[in-house]
Each structure stands twice: as structure tokens, then as C-alpha cells.
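S.K.: Take a look at the following structure, please.
The values are calculated or read from the model by the stated rules, or taken from the named source; none is laboratory data. Quick caveat: nothing in here was measured; it's all calculated off a predicted structure. Cβ placement follows ideal geometry from the backbone for every residue including glycine, while neighbour counts extend to all protein chains displayed. Accessible surface is based on the protein model in full, side chains and every heavy atom, while ligands, DNA and RNA are left aside. Shrake-Rupley method; radii C 1.70, N 1.55, O 1.52, S 1.80 Å.
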Amino acid sequence: MPLNSYSVGRDLSLDITGPNGPLSFSQIVGFTSKPDITDKKIKGLDGITRHLRFPDGWSGSFEIERQNAVVDDYFSQLEANYYAGLNELPVTITETIQEVSGSISQYRYLQV
């Protein structure tokens, strides 16, 4: 719920789905995402530098307080798969936000 029109941090949830189903990281305490942009500078004969921006995917991070072995087991399995010559399969992150207005915004990050 909003407090004085500001979020108090209980309005965001993350659903992380791996190749074998949902990953239940019990205590996610931080999440950031940002678009990656490739910037091409073009300097015209008029001496003005112009920028062309191209979307180039997304990057981000999340912070977890360890309460169980789920995250350790997940990354241990990724390492074991690497040494066994197996491809790393992607994960999907779905971010759901309850906005101050009460509406819901949802963003899905594929092939993470």
C-alpha cells in the first residue's frame, strides 16, 4: 500500500522460473533492471555531434538474503552442468508491481 503516495517496498514481487520450474529464493531484498543501449556518435560536417541510440537488451541484478540452500544449489548445478559440457538453459523473471494508484504493472525478462 502507498504511504503518502510513495511505495514502501511491499508492492513488488518477482517470479523466477528456471528450466526445471519455479526457483523459490525466499528472501529477495533488492532488484534492479535497466535497458542496455548502444550509442553511435555521428559528427556532421556542420560540427554538431549527434547520437543514435540502439536498444541492446537488458541487464540487472538482485540481492538475496540466504535462508536456505536454494541459491547455492542452483549455482552449483550450473557449474556442474558447465563441466559436464551441458548448455546453460535460460531463466525467465516476471516482475509484478502494484502501483500507487492500485493498478498492476508487469514486466517479463526472457532468456536471462
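S.K.: Give me the pairs: first residue in the range 41-69 and more than 30 Å from residue 95 (Cα to Cα), second residue loosely packed, with under 10 Cβ neighbours inside 10 Å and among the basic types (Lys, Arg), beta-carbon distance under 8 Å, and six or more apart or on different chains, which are they?
M.R.: From the range 41-69, the pairs are 49/41; 49/43; 50/41; 50/43; 51/40; 51/41.
S.K.: Moving to a separate point now. Among the residues of the range 17-30 satisfying the criterion of being in a strand (DSSP E or B) and hydrophobic (A, V, I, L, M, F, W, C), which is surrounded by the most Cβ atoms within 10 Å (Cβ to Cβ)?
M.R.: Our first condition is that a residue be in a strand (DSSP E or B); within the range 17-30, this holds for 17-18, 21-23, 28-30.
Remaining after also requiring hydrophobic (A, V, I, L, M, F, W, C): 23, 28-29.
Details: 23: 16, 28: 14, 29: 9.
Ranking the qualifying residues of the range 17-30, first place goes to 23.
S.K.: What tally of residues in the range 2-16 results from selecting those that are touching a Ser or Thr at 6+ places or on another chain (Cβ under 8 Å), among the aliphatic types (A, V, I, L, M) and either modelled with pLDDT under 85 or not in a strand (DSSP E or B) (or both)? First the steps, then the outcome.
M.R.: Within the range 2-16, the subset touching a Ser or Thr at 6+ places or on another chain (Cβ under 8 Å) is 12-16.
With among the aliphatic types (A, V, I, L, M) added as a condition, the list becomes 12, 14, 16.
Remaining after also requiring either modelled with pLDDT under 85 or not in a strand (DSSP E or B) (or both): 12.
Total meeting the criteria: 1.
S.K.: Name the residues in the range 31-58 that are surrounded by 10 or more Cβ atoms within 10 Å (Cβ to Cβ) and of a type in the set (Ser, Thr, Tyr), would you?
M.R.: Listed by number, the residues that qualify are 33, 38.
S.K.: Identify, by number, the condition in (1) in a strand (DSSP E or B); (2) over 17 Å from the mean Cα position of the chain (by Cα); (3) acidic (Asp, Glu) that residue 95 doesn't meet.
M.R.: Among (1) in a strand (DSSP E or B); (2) over 17 Å from the mean Cα position of the chain (by Cα); (3) acidic (Asp, Glu), residue 95 violates only (2).
S.K.: I'm trying to understand the selection: among the residues of the range 103-112, which are under 15 Å from residue 60 (Cβ atoms) and either in a loop (DSSP other than H, G, I, E, B) or open to solvent by less than 70 Å² (accessible area, probe 1.4 Å) (or both)?
M.R.: Filtering the range 103-112 for residues under 15 Å from residue 60 (Cβ atoms) gives 107-112.
The answer is 109, 110, 111, 112.
S.K.: Hey, residue 100 hits all of (1) at pLDDT 85 or above; (2) surrounded by 10 or more Cβ atoms within 10 Å (Cβ to Cβ); (3) more than 21 Å from the chain's Cα centre (by Cα); (4) not in a strand (DSSP E or B) but one; which does it fall short on?
M.R.: Of the numbered conditions (1) at pLDDT 85 or above; (2) surrounded by 10 or more Cβ atoms within 10 Å (Cβ to Cβ); (3) more than 21 Å from the chain's Cα centre (by Cα); (4) not in a strand (DSSP E or B), the odd one out for residue 100 is (1).
S.K.: Among the residues of the range 59-88 satisfying the criterion of being part of a loop (DSSP other than H, G, I, E, B), modelled with pLDDT of 90 or more and aliphatic (A, V, I, L, M), which is most open to solvent (accessible area, probe 1.4 Å)?
M.R.: Across the range 59-88, the extreme among qualifying residues is 86.
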